[in-house]
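Have a look at the structure below, then the notes.
The values are calculated or read from the model by the stated rules, or taken from the named source; none is laboratory data. Since we're looking at a predicted model, the values are computed, not measured. Every residue, glycine among them, receives a Cβ derived from its backbone with ideal geometry; neighbour counts consider all protein chains shown.
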């Protein structure tokens, strides 16, 4: 499954100019607060300026903005929360670890493709 983030809000300034953002969803993973987060790989890495230093982001975690909503193929303009993966060990973890990510924005996305495997 793939999401295309068409717009962002409450985001780092440099993120606004990098939309649309295409994310290939790798797998669903549970977090402490809910079970429907998705780990995704960016088609094009994002530039992120944090504490005065520029970093490159290659993976994100996305989840439906509202609990009870679900990322489904064909959804358009779906609100999502976006977190950058800041610790590469998150990529191998079965569950989401909040300390290994940084919540950065709200976005609206379109969802395409077949459902990925669940973690």
**OP:** Output the residues belonging to the stretch 100-110 that are under 23 Å from residue 16 (Cβ atoms) and either buried (at least 20 other Cβ atoms within 10 Å of the Cβ) or over 12 Å from the mean Cα position of the chain (by Cα) (or both).
**Re:** 101, 104, 105, 107, 109, 110
Original post:
residue 71 fails exactly one of the following numbered conditions: (1) under 14 Å from residue 36 (Cα atoms); (2) in a strand (DSSP E or B). What is the number of that condition?
Top reply: (2)
Subject >> Which numbered condition residue 97 misses (of (1) surrounded by 13 or more Cβ atoms within 10 Å (Cβ to Cβ); (2) touching a strand residue (DSSP E or B) at 6+ places or on another chain (Cβ under 7 Å); (3) at pLDDT 95 or above) >> reply: (2)
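Considering only residues of the stretch 24-66 that are assigned to a strand (DSSP E or B) and touching a residue at least 60 places away in the same chain (Cβ under 8 Å), which is nearest to residue 85 (Cα to Cα)?
39
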**OP:** Considering only the stretch 74-94, state which residues are in a loop (DSSP other than H, G, I, E, B), surrounded by 15 or more Cβ atoms within 10 Å (Cβ to Cβ) and without any contact (Cβ under 8 Å) to a residue 24 or more places away in the chain.
**Re:** 86
